[in-house]
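Have a look at the structure below before the remarks.
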Amino acid sequence: METKIKENLTTRPPVVVILGHIDHGKTSLLSSIRKLEFTAGKPGGFITQHIGAFEIEKGGKKITFIDTPGHEAFSQMRSRGAKVADIAILVVDSTQGVQAQTKEAIEHIKKAGIPPIVAINKIDLPSANPEKVKKELQKEGVLVEDFGGKVPVVKTSAKTGQGIEELLELILLVAEMENLKADISKLASGVIIEAYLDSKRGPTATLIPNEGVLKLGETISTPSTLGKAKNLEDFQGKRIVIAFPSQPVILIGFEKVPKVGEIFK
């Protein structure tokens, strides 16, 4: 019996959330990560529709980024008991240092109990002061590796692309240490990360399975609604029949719009 259970466990990609103060470069950092993935002559480039999460591949390994509108959605998810992300990137502007929302983000990360990576951003600016940022983070209980702590730091610039590759490598390294596994023999379950009413397609949700495999045609429920997976699409809007753990997927077929942060089964 034991061996059978072990056989169904598979390594799943990390799900990453990017948090930080407004205007510290969260969105532009996500854009540079996306560009990295889609400049390599891929047909059609990046789809313009916003689906709240996207996947990239680095050295044959996948990473899922949650592109939620900031802290509010993240706290909604957390308040409903959903473990949304495996790793948090804390973005701090190298010229401005720790601000009010940086402190808020640190609280979110601590409460969620997930490992952080600090991205000291806008490092290309002449007034960049990464040492000041590290000292301010220390005051907030975030001890970076340079100061004898465990939190890795990477200096980034969304503008020049500096540190982006290094950031992705760090994510994969942390993911490996976290040893993220999923049981693909189970019925699918996971988190609703985005939900809205589409005038043409009806209730639409972006979800990320964290266990099991989600298949087209399956009945699915959340605490607030029921539905059937009538249509599944990947983050680029391509129709799929199956979604694996950590894979962001658009699902059409709920009776009404589910709530963000709800667990689906």
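The values are calculated or read from the model by the stated rules, or taken from the named source; none is laboratory data. Fair warning: this is a prediction, and the values are worked out from it, not measured in the lab. Neighbour counts are summed over all protein chains in view; Cβ atoms, including those assigned to glycine, are modelled from backbone coordinates with ideal geometry. These accessible areas exclude ligands, DNA and RNA; they are computed on the full protein's heavy atoms, side chains included. Shrake-Rupley method; radii C 1.70, N 1.55, O 1.52, S 1.80 Å.
At an R0 of 41 angstrom, the distance between the Cβ atoms of residue 125 and residue 83 translates into a FRET efficiency of 0.70.
Summed over the residues of the chain and divided among them, the accessible surface reaches 48 Å² per residue at a probe radius of 1.4 Å. Averaging Cα coordinates gives a centre for the range 162-216 and one for the range 96-124; these two points are 22 Å apart. For the chain, give the share of DSSP beta bridges that are antiparallel, in percent and rounded to the nearest 5; count only bridges with both residues there. Of those bridges, close to 65 percent are antiparallel.
Each helix, a run of at least 4 DSSP H residues, gives -39500 (n - 2.57); summed and divided by the residues of the chain, these come to -8000 deg cm²/dmol at 222 nm. Quick one: pull the percent of accessible area on the chain belonging to carbon and sulfur, 1.4 Å probe, ligands and nucleic acids left out. Summing carbon and sulfur atoms, their accessible area is 53 percent of the total for the chain.
Converting phi to 3J(HN,Hα) with the Karplus coefficients 6.51, -1.76 and 1.60 and the offset θ = phi - 60°, the range 58-65 yields 9, x, x, 10, 8, 9, 9, 10 Hz in sequence order, with x at every glycine or proline.
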